[in-house]
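Here is the structure we will look at.
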Amino acid sequence: MNGPRRRAVTTIGVIAILIGVAGALMGAASPMFEVPGRSLFRFMAINLFGGLFSVAVGVVALVAARRANRTLLLWCGAAFVAAALVNLVGIDRSFNVFGGHASLASVFLCFGTGFVAIALTPELEAGGAGDA
Amino acid sequence: MNVELVRREARLEADGSIARGGMAFVRIVFGLMWVANVAWKRPPFEAFEHFTGFAISYPVFAPWTFVVENVVLPNFTPFAWGVTALEVVIGAFLLVGFATRLTAAVGAVQTVAIGLSVIRGPNEWDWAYHMMFAGHVAIMATAAGRAFGVDGLLRASWLRSSHPIARILGRAS
């Protein structure tokens with residue numbers, strides 16, 4: 001994983017961790033799987049579990065970037081995409097363990113898309129020729 | 001008059017650091033706009049249906065009013081889920097700068113659809129929708145995802161790949 005990709009993954013991972021920490025702190029006094037969770041920035045609902053999930057996956061993504069492990073990064077992206085789907089189809093439903101609405105789905109999808117795209121796209125070889 | 005000099009000084013600063021930072025900022029703000037405004041779309045979508053009904057009570061374009069009255073409102077639940085999912089994706093992709101040109105084009109079309117419904121509604125400021133459309137056009141025209149976005153990071157690989165999805169992403173970015 002080259003420098004720019006590593007920086008991109010680190011940036012997305014740090015943002016995921018920061019949002020997770022904020023969500024976890026906000027939801028710390030509430031039930032872990034509260035539906036809907038508390039509102040971050042007045043529009044993005046997230047509960048304690050959702051915050052801890054975002055922190056955990058963000059940390060794993062940082063490890064993946066440091067170790068240039070694209071497979072691990074792909075798993076992080078898949079986790080965020082799966083969480084996004086749960087938040088979208090589970091708006092106000094009890095099985096939505098993240099406590100979010102469509103806003104959290106969009107933010108998790110943002111993280112997941114970034115990780116998946118970077119993990120799945122081969123790097124260019126020196127000289128500009130890319131492997132298919 | 002030195003025509004070459006005039007042309008050189010009149011060229012757009014599309015690739016300078018200020019321009020790149022500026023367009024990334026616009027792209028991220030528009031992404032956040034979609035993320036924030038998808039939050040209130042919650043089943044059973046009563047508020048969403050209320051605003052969609054403005055296309056009938058405050059008509060803007062008669063064919064659009066016809067479509068809303070005869071197609072959208074009678075099938076509102078699947079329509080609402082579809083629009084919510086679409087706006088989730090638009091917000092996510094603009095935020096991270098993925099397939100940005102295509103996403104901004106879709107956002108512009110969605111802006112027109114929203115405007116055709118609500119622009120003449122009570123307490124609406126119609127310039128908001130004009131600016132929303134113009135912003136998406138600017139993001140699309142400048143390929144803003146190439147500045148501090150996934151498109152900029154991966155486009156070279158996509159364009160040199162023979163994989164069909166990669167080639168589509170190369171064009172969409």
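Taking only the stretch A:24-53 into account, find how many residues are away from chain B (no Cβ under 14 Å), touching a strand residue (DSSP E or B) at 6+ places or on another chain (Cβ under 6 Å) and not aliphatic (A, V, I, L, M).
Going through the stretch A:24-53 one residue at a time, the tally reaches 1.
Which helices (runs of 4 or more DSSP H) does the stretch B:66-173 wholly contain that include 3 or more residues that are surrounded by fewer than 18 Cβ atoms within 10 Å (Cβ to Cβ) and among the aliphatic types (A, V, I, L, M)?
B:100-118, B:126-141
Residue under question is A:F98, and the condition is that it be touching a residue at least 24 places away in the same chain (Cβ under 8 Å), more than 8 Å from chain B (Cβ to nearest Cβ) and part of a loop (DSSP other than H, G, I, E, B); does it hold?
Taking the combined requirement at face value, the residue satisfies it.
Before we move on, is A:S30 of a type in the set (G, A, S) and part of a loop (DSSP other than H, G, I, E, B)?
yes
Cβ-Cβ distance below 9 Å, separation of 6 or more or different chains: which pairs start in the stretch B:85-103 with a residue that is among the basic types (K, R) and end on one that is not in a helix (DSSP H, G or I)?
Filtered contacts from the stretch B:85-103: B:R101/B:A143; B:R101/B:S173.
Would you mind telling me which numbered condition in (1) over 18 Å from the mean Cα position of the chain (by Cα); (2) of a type outside the set (D, E); (3) within 21 Å of A:R42 (Cα to Cα) B:Y58 fails?
Result: B:Y58 passes all but (3).
With (1) touching a residue at least 40 places away in the same chain (Cβ under 8 Å); (2) surrounded by fewer than 17 Cβ atoms within 10 Å (Cβ to Cβ); (3) farther than 30 Å from B:V150 by Cβ as the list, and B:A14 as the residue in question, which single condition is left unmet?
Only one criterion in (1) touching a residue at least 40 places away in the same chain (Cβ under 8 Å); (2) surrounded by fewer than 17 Cβ atoms within 10 Å (Cβ to Cβ); (3) farther than 30 Å from B:V150 by Cβ is unmet by B:A14, namely (3).
Do you know which residues across the stretch A:43-88 are of a type in the set (V, I, T) and either more than 24 Å from B:N37 (Cα to Cα) or in contact (Cβ under 8 Å) with a residue 60 or more places away in the chain (or both)?
The answer is A:V55, A:V57, A:V59, A:V60, A:V63, A:T71.
Here is a check on your reading of the model: is A:S39 among the hydroxyl-bearing types (S, T, Y), open to solvent by 60 Å² or more (accessible area, probe 1.4 Å) and not in a helix (DSSP H, G or I)?
yes
Taking the stated definitions as given, is B:T103 among the hydroxyl-bearing types (S, T, Y), closer than 23 Å to B:M131 by Cα and within 14 Å of chain A (Cβ to nearest Cβ)?
Taking the combined requirement at face value, the residue satisfies it.
Among the candidates B:M33, B:M23, single out the residue that is buried (at least 18 other Cβ atoms within 10 Å of the Cβ), of a type in the set (A, V, I, L, M) and either without any contact (Cβ under 8 Å) to a residue 40 or more places away in the chain or within 22 Å of B:V109 (Cβ to Cβ) (or both).
It is B:M23.
Confirm whether A:G99 is among the small types (G, A, S), under 30 Å from B:S157 (Cβ atoms) and surrounded by 17 or more Cβ atoms within 10 Å (Cβ to Cβ).
Judged against the criteria, A:G99 is not a match.
What pairs come up if the first residue lies in the stretch B:107-129 and is free of Cβ contacts under 8 Å to residues at least 40 places away in the same chain, the second is outside any helix (DSSP H, G or I), and their beta carbons are under 6 Å apart, counting only those six or more places apart or on different chains?
That search, which allows pairs on different chains as well, returns B:D126/B:I119; B:Y129/B:I119.
The values are calculated or read from the model by the stated rules, or taken from the named source; none is laboratory data. Quick caveat, the model's predicted, so the values are computed rather than measured. Backbone-built Cβ (ideal geometry, glycine too); neighbour counts: all protein chains shown. Ligands, DNA and RNA are stripped out before the accessible areas are found, and what is left, the full protein with its side chains, is counted by its heavy atoms. Shrake-Rupley method; radii C 1.70, N 1.55, O 1.52, S 1.80 Å.
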